[in-house]
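Everything on this sheet refers to the single structure shown next.
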């Protein structure tokens with residue numbers, strides 16, 4: 001559990017990050033404009049695997065990536081936006097989410113493949 005001071009620090013960092021972002025950012029995955037409150041930074045190679053480079057994505061796109069792939073798969077096979085866009089499950093998701101408004105968000109569920117050992 002995070003303490004009150006740590007939460008304030010996290011919120012201050014997030015606010016600073018949001019303020020430093022340009023007014024309109026386009027999601028490189030789905031091609032829609034990202035509202036300020038829906039922006040997430042995705043590490044192309046997960047931090048646990050030494051990744052540092054990030055891309056700003058819609059929150060729903062970011063969560064879908066982590067619902068479909070393990071960190072090892074992301075590090076080895078899907079370390080670029082282009083590789084993610086070409087993956088079969090992501091192609092269907094991108095086609096679906098492109099029809100939604102820019103500020104659309106829905107709960108994302110983990111893939112059955114990741115749930116079962």
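The values are calculated or read from the model by the stated rules, or taken from the named source; none is laboratory data. Because the structure is predicted, anything quoted here is derived from the model rather than measured. As a convention, Cβ positions derive from the backbone with ideal geometry for all residues, glycine included, and neighbour counts pool all protein chains shown.
A few points about this structure:
- Subset of the stretch 47-90 [in contact with a strand residue (DSSP E or B) (Cβ under 7 Å, 6 or more places away or on another chain) and within 20 Å of residue 107 (Cβ to Cβ)]: 57, 58, 59, 62, 65
- Top-ranked residue in the stretch 80-100 [being touching a helix residue (DSSP H, G or I) at 6+ places or on another chain (Cβ under 9 Å) and assigned to a loop (DSSP other than H, G, I, E, B); ranked as farthest from residue 58 (Cα to Cα)]: 87
- Counted residues, the stretch 49-65 - those being touching a residue at least 24 places away in the same chain (Cβ under 8 Å) and either closer than 17 Å to residue 26 by Cα or outside any loop (DSSP other than H, G, I, E, B) (or both): 11
- Scan the stretch 22-50 for residues that are surrounded by 13 or more Cβ atoms within 10 Å (Cβ to Cβ) and at pLDDT below 75 and the total you get is 0.
- For residue 34, the stated conditions do not hold, so it cannot be described as out of contact with any strand residue (DSSP E or B) (no Cβ under 8 Å at 6 or more places or on another chain) and within 22 Å of residue 13 (Cβ to Cβ).
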